[in-house]
Amino acid sequence: MNKGFNFGAQGGDDGIPRYQNPFKKLGRSVIFILIAAVVVALGASSFTTINEGYIGVKYQFGKIVDDNLSAGLNFKIPFVQSIRQVDIREQMYEMSTNAYTMDTQTVENIQSKLNYIYDRAELSNIIRNIGIDNVESKLLIPQMQSIMKNEIGQYKAEDLVQNRTSVQESIESKLRESLAQSGIVVVSFAIENLDFEDGFEEAIRAKVVAEQDALKMQNKTKEKEELARQTVIEAEAEAESQKIKADAEAYAIEAIQEQLRQSPEYIELQRVQKWDGKFPQVMGDGVNPFVMLDGTE
């Protein structure tokens with residue numbers, strides 16, 4: 001027998017040689033590896049991680065079967081179900097629009113910003129009936145444009161500039177009330193920019209400058225009036241002081257005269273009280289021009 005070409009031949013119990021294919025064992029290994037890989041892949045695709053600050057919405061053949069999956073690891077049937085994450089943190093939407101004031105002035109490029117969150121009690125309805133991707137186009141944009149245009153249209157352009165904060169607060173209040181009906185909770189609203197036509201802005205600036213100049217003149221007038229008032233007060237005070245002084249002097253004179261009427265010796269008494277104790281010295285042209293009144297020669 002030629003044994004040079006023994007291709008996996010083995011003798012059986014009956015003495016008849018058996019031949020085994022070496023690729024058969026290799027094929028089994030490959031199949032096992034493929035099955036293991038499929039099992040691992042199916043296991044991995046059976047779970048989805050939902051991040052903190054999100055909820056999961058589970059779809060089965062396009063139909064929502066669960067819209068409130070919590071953060072963490074969540075199970076789904078591979079190739080049958082899918083899970084989408086929905087951000088439930090505070091959202092921000094920015095919008096630019098135009099409007100007209102009561103006096104038909106064009107307000108161009110109104111830059112506004114809305115911060116909001118979803119009402120968790122209404123989130124399922126938003127997801128199923130509106131769609132998270134449609135919140136801006138179906139809820140925010142129509143409501144913001146309508147309310148802003150209506151509110152701005154109630155003011156004249158000049159009043160709008162001067163009452164910007166009040167207009168902003170009014171718009172925010174109406175947005176909060178309107179969007180709450182659709183499950184949107186308004187956190188804050190701000191008008192960040194208002195642009196008018198160039199001619200109107202120049203007129204506003206000129207008026208502001210004129211008002212400031214007028215205010216300066218009013219302040220100067222008030223300053224002068226106050227100065228004049230203080231001068232009058234000082235003059236009146238001085239006059240009153242002089243009157244009091246004159247009254248005091250008149251009273252003193254009257255008192256002296258009364259003393260004289262009652263006592264003619266009052267003058268001699270005044271002289272004695274004012275005498276310094278020295279006798280007067282007299283100079284003359286006589287024989288003895290020096291007269292000493294103290295008794296010595």
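What the table shows:
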{"read-out": "Cut-off 14 Å between beta-carbons: net charge of the residues surrounding Ala239, Lys and Arg +1, Asp and Glu -1", "value": "-3"}
{"read-out": "Filtered chymotrypsin sites (Phe, Trp or Tyr not before Pro), segment 42-92: DSSP coil and at most 12 other beta carbons within 10 Å", "value": "Phe61, Phe79"}
{"read-out": "Calculated FRET value between Gln85 and Gln111, using beta carbons and R₀ = 30 Å, to 0.05", "value": "0.50"}
{"read-out": "With DNA, RNA and ligands ignored, accessible area of Leu139 (1.4 Å probe; Å², nearest 10)", "value": "20 Å²"}
{"read-out": "Cross-link pairs Lys220/Lys243; Lys156/Lys220; Lys222/Lys245; Lys138/Lys174; Lys149/Lys174; Lys222/Lys243 - those with Cα-Cα distance over 23 Å", "value": "Lys220/Lys243; Lys156/Lys220; Lys222/Lys245; Lys222/Lys243"}
{"read-out": "Estimated translational D of segment 153-192 in µm²/s (Stokes, Kirkwood radius over Cα pairs; 20 °C; 1.002 mPa s)", "value": "194 µm²/s"}
{"read-out": "Spin-label model distance (nm) - Ala180 vs Val39, 7 Å beyond Cα toward Cβ", "value": "5.7 nm"}
{"read-out": "Area accessible to solvent at Val80, 1.4 Å probe radius, in Å²", "value": "40 Å²"}
{"read-out": "Solvent-accessible surface (1.4 angstrom probe) belonging to Asp119, in square angstrom, nearest 10", "value": "50 Å²"}
{"read-out": "Calculated FRET efficiency for the pair Phe47/Met92, C-beta based, R₀ 45 Å, to 0.05", "value": "0.90"}
{"read-out": "Nitroxide proxy distance, nm - points 7 Å out along Cα→Cβ at Glu254 and Asn134", "value": "10.4 nm"}
{"read-out": "Residues Thr104 and Ile233, FRET efficiency given R0 of 41 Å [Cβ-Cβ distance, rounded to 0.05]", "value": "0.15"}
{"read-out": "Sites matching GluC sites (Glu not before Pro) across segment 34-95 that sit in DSSP coil, with at most 12 neighbouring C-beta atoms within 10 Å", "value": "Glu52"}
{"read-out": "Under-5 Å amide H pairs with Ile184, H placed in peptide plane, nonlocal only", "value": "Asp119"}
{"read-out": "Sequence of Glu158, Glu234, Glu136 when ordered by accessible area, the most exposed leading, probe 1.4 angstrom", "value": "Glu234, Glu136, Glu158"}
{"read-out": "Sum of side-chain charges, Gln60 neighbourhood, beta-carbon under 11 Å (Lys, Arg +1; Asp, Glu -1)", "value": "+2"}
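The values are calculated or read from the model by the stated rules, or taken from the named source; none is laboratory data. Just so it is clear, the structure is predicted and the values come from calculations on it, not from any experiment. All Cβ positions, even for glycine, are placed from backbone atoms using ideal geometry, and neighbour counts span all protein chains on display. Protein only, heavy atoms only, side chains kept; ligands, DNA and RNA dropped before computing areas. Shrake-Rupley method; radii C 1.70, N 1.55, O 1.52, S 1.80 Å.
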